[in-house]
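Please treat every number below as a calculation from the coordinates, not as lab data. Remember, it's a predicted structure, so these values are computed and weren't measured experimentally. Ideal geometry is used to build each Cβ from the backbone, glycine not excepted, and the neighbour counts take in all protein chains shown.
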Amino acid sequence: MSEWVKACATDEIDEEDLIAWEHRDHKIAIYNTEKGFFATDLMCTHEAQSLEDGLVIDCVIECPLHGGRFDVCTGKALSAPVVEDLRTYPVEVRDGQVWVLV
Ligand code: FES
């Protein structure tokens with residue numbers, strides 16, 4: 001069953017950056033982008049690589065290992081070698097806090 005969980009304050013994530021956050025068995029990346037806050041699975045779908053040190057440009061995360069790219073708003077895989085989309089999680093901002101539905 002899904003529940004809304006408070007993950008962090010909005011000012012804990014720099015613009016065009018992400019943080020790694022863990023809740024129960026979920027390892028999640030939370031992004032601060034020009035379009036707002038988003039959340040996806042933290043691990044790249046190509047190999048078991050954390051996206052924590054990846055580069056965020058606009059709404060795209062580039063995996064630090066092989067440079068595969070994902071749209072962080074939709075989780076869609078955008079460029080080789082990644083072909084499988086990232087799972088996404090609904091996000092809400094309430095009173096300066098980022099909440100994630102996990
Ligand atoms: S592990 Fe992410 S692109 Fe290869």
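General remarks:
- The number of residues in segment 45-71 that are within 26 Å of Lys6 (Cβ to Cβ) and crowded, with 17+ Cβ neighbours inside 10 Å comes to 7.
- Scope segment 56-72; condition within 12 Å of the ligand (Cβ to nearest atom) and either in contact (Cβ under 8 Å) with a residue 24 or more places away in the chain or of a type outside the set (D, E, K, R) (or both); matching residues: Ile61, Cys63, Pro64, Leu65, His66, Gly67, Gly68, Phe70
- Checking Glu92, Glu52 one by one, the residue that is in a loop (DSSP other than H, G, I, E, B), touching a residue at least 12 places away in the same chain (Cβ under 8 Å) and closer than 21 Å to Asn32 by Cβ is Glu52 and no other.
- In this structure, Val82 does not qualify as among the β-branched types (Val, Ile, Thr), farther than 14 Å from Thr10 by Cα and without any contact (Cβ under 8 Å) to a residue 24 or more places away in the chain.
- Checked against the criterion of being outside any strand (DSSP E or B), under 14 Å from Ala20 (Cβ atoms) and of a type outside the set (Lys, Arg), segment 34-44 contains one or more residues that satisfy it.
- Looking only at segment 1-38, and only at residues there that are closer than 16 Å to Val93 by Cα and out of contact with any strand residue (DSSP E or B) (no Cβ under 8 Å at 6 or more places or on another chain), the one that is surrounded by the most Cβ atoms within 10 Å (Cβ to Cβ): Lys35
- Verdict on Gly75 being among the small types (Gly, Ala, Ser), assigned to a loop (DSSP other than H, G, I, E, B), within 16 Å of the ligand (Cβ to nearest atom) and in contact with an Asp or Glu (Cβ under 7 Å, 6 or more places away or on another chain): yes
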